[in-house]
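What follows is calculated from the coordinates using simple rules that are stated; it is not laboratory data. Here the structure is a predicted model, which is why all the values come from computation and not from measurement. Glycine also receives a Cβ, built like all others from the backbone with ideal geometry; neighbour counts cover every protein chain displayed.
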Amino acid sequence: GESVGLHLPTLSVQEGDNSIINCAYSNSASDYFIWYKQESGKGPQFIIDIRSNMDKRQGQRVTVLLNKTVKHLSLQIAATQPGDSAVYFCAETPSGGSYIPTFGRGTSLIVHP
Amino acid sequence: NAGVTQTPKFQVLKTGQSMTLQCAQDMNHEYMSWYRQDPGMGLRLIHYSVGAGITDQGEVPNGYNVSRSTTEDFPLRLLSAAPSQTSVYFCASSRQGDYGYTFGSGTRLTVV
């Protein structure tokens, strides 16, 4: 989701629960969407991607859902583990051109053991 | 290990000083970018390059210069450091046609 001021939206879950992180994107011409995970003190790391001609894609323990009608993206993490604690960013990329993504502000996921 | 290497990891500058943040990748990626990350905010694009000899401005280019003389290297130059440039800087690269970027581990810069 979008953040206000300097505070990231935060999602707190218990270990073993399913997590859903949301993202509203801005450009209806965006063709490609990626979720990144950023652990403390590290650079963002690619998790999963989805093209605009799809509405769902699954990976290992993660699922991305795309709703183009309302320009909304979500990342679902099954059986959340303490190692999933991180900041999650969605990124959108317009079709063609230079493949330069625009990043959202991020959501902090905290997993309690 | 193959990847994106950024140096230094930490740097403190005085206002008005200049310096260069180094970025190198050994994956033969055509695309390289520099982002800055401030507390509570996402990654904002400073400059990017789609190949050697080609660079372009991103969202927040003022106060920064880049060059791309080789495929491997993409240094970011701060011309005259200002406290507003205190941030964490990330370099990223990708292969042409590949939307997913590989990021370096970042440089934490403080300007006093």
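Assorted remarks:
- Among B:PHE103, B:PHE10, the ranking by other beta carbons within 10 Å of each residue's beta carbon, starting with the fewest, stands as B:PHE10, B:PHE103.
- Ranked for footprinting exposure by Cβ neighbours inside 10 Å, fewest first, A:TYR88, B:TYR31 give B:TYR31, A:TYR88.
- Normalised alpha carbon radius of gyration of chain B [divisor 2.2 N^0.38 Å]: 0.99
- Global size of the range A:24-80 as Cα Rg and Dmax, reported in angstrom: 12.0, 36
- Annotation for the range B:1-89: trypsin sites (Lys or Arg not before Pro) lying in DSSP loop with at most 14 further Cβ atoms inside 10 Å of their Cβ are B:LYS9, B:LYS14.
- Pair-distance distribution P(r) for the protein assembly as shown, from all Cα-Cα distances in 5 Å bins starting at 0: 1, 7, 14, 18, 19, 17, 12, 7, 3, 1, 0 percent.
- Exercise: per-residue mean of other protein chain Cβ atoms within 10 Å, B:35-41: 5
- Think of chain A as having a plus end and a minus end, set by charges on the Cβ of Lys, Arg, Asp and Glu; of A:VAL13, A:SER26, A:GLN38, A:SER26 sits farthest toward the positive end of this dipole.
- Of all lysines in the structure, those lying under 20 Å Cα to Cα from A:LYS56, and not within fewer than 8 positions of it along the same chain, are A:LYS37, A:LYS68, A:LYS71.
- Intensity falloff of chain A expressed as log10 I(q)/I(0), Debye formula with alpha-carbon point scatterers, at q = 0.09, 0.24 Å⁻¹: -0.22, -1.45
- Across peptide B:80-92, the mean count of Cβ atoms from other chains lying within 10 Å of each residue's own Cβ comes to 1.
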